[in-house]
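Novice: Let me begin by handing over the structure; questions about it come next.
The values are calculated or read from the model by the stated rules, or taken from the named source; none is laboratory data. As the structure is a prediction and not an experimental result, all values here were calculated from the model. Here Cβ is always computed from backbone atoms with ideal geometry, including for glycine, and neighbour counts include all displayed protein chains. In case anyone asks, the SASA skips ligands and DNA or RNA and just uses the protein heavy atoms, side chains included. Shrake-Rupley method; radii C 1.70, N 1.55, O 1.52, S 1.80 Å.
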Amino acid sequence: QVQLVESGGGLVHAGGSLSLSCAVSENIFNFNAMGWYRQAPGKQRELVATMNVGGVTNYAGSAEGRFTISRDGTSNTVYLQMGSLQPEDTDIYYCNSRMLTKNYWGQGTQVTVSS
């Protein structure tokens, strides 16, 4: 069973930065893509950023230019560096890995941005 464990969430003031990490129990290059998603209570989970096995990245419009997804194949870890955070970035952030049509999710990490 694939396991993804997020860390790095917390409380930050508007304008600040946070770095999220996702430790994956398997070789991250076994997956078609890795990514970060966010979800507010009662709302659908939505994309923040993804990186496919070839290293091509895709960002939500709200994340473009402020967030950076990266990976470390040695440690099988995926990162999300978030900058210029705003209160509207407050959500639970989930790490995702995708293998064909199968998705795996972490337990989520809370990011709270105060104004």
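Novice: Rounded to the nearest 5, what % of DSSP beta bridges with both residues in segment 1-114 are antiparallel?
Specialist: Looking only at bridges with both residues in segment 1-114, the antiparallel portion is about 90 percent.
Novice: Could you report segment 43-115's accessible area per residue, 1.4 Å probe, as an integer in Å²? Let's see the in-between values first.
Specialist: Details: 3860 Å² over 73 residues.
Here the per-residue accessible area is 53 Å².
Novice: Then there is this: Can you pull the percent of the chain's accessible area that's carbon plus sulfur, 1.4 Å probe, other chains left in place?
Specialist: The value for the chain is 48 percent carbon and sulfur by accessible area.
Novice: Same structure, new question: About its Cα centre, what dipole magnitude does the chain give when the only charges are +1 on Lys and Arg Cβ and -1 on Asp and Glu Cβ, stated in debye to the nearest 20?
Specialist: Roughly 200 debye for the chain.
Novice: Determine the relative contact order of the chain: mean sequence separation of Cα pairs under 8 Å and six or more apart, normalised by residue count, in whole percent.
Specialist: Across the chain, relative contact order equals 37 percent.
Novice: Mind checking the alpha-carbon convex hull of segment 41-89 and giving the volume per residue in Å³?
Specialist: 105 Å³
Novice: I need the GluC sites (Glu not before Pro) found in segment 1-110, filtered to DSSP loop residues with at most 13 other beta carbons within 10 Å of theirs.
Specialist: Here the sparse-neighbourhood loop sites are Glu64.
Novice: Principal axes first, then extents: for the Cα atoms of the chain, list largest minus smallest coordinate on each axis, whole Å, largest first.
Specialist: 40, 27, 23
Novice: Give the distance, in whole Å, between the Cα centre of segment 1-55 and the Cα centre of segment 73-115.
Specialist: Result: 3 Å between the Cα centres.
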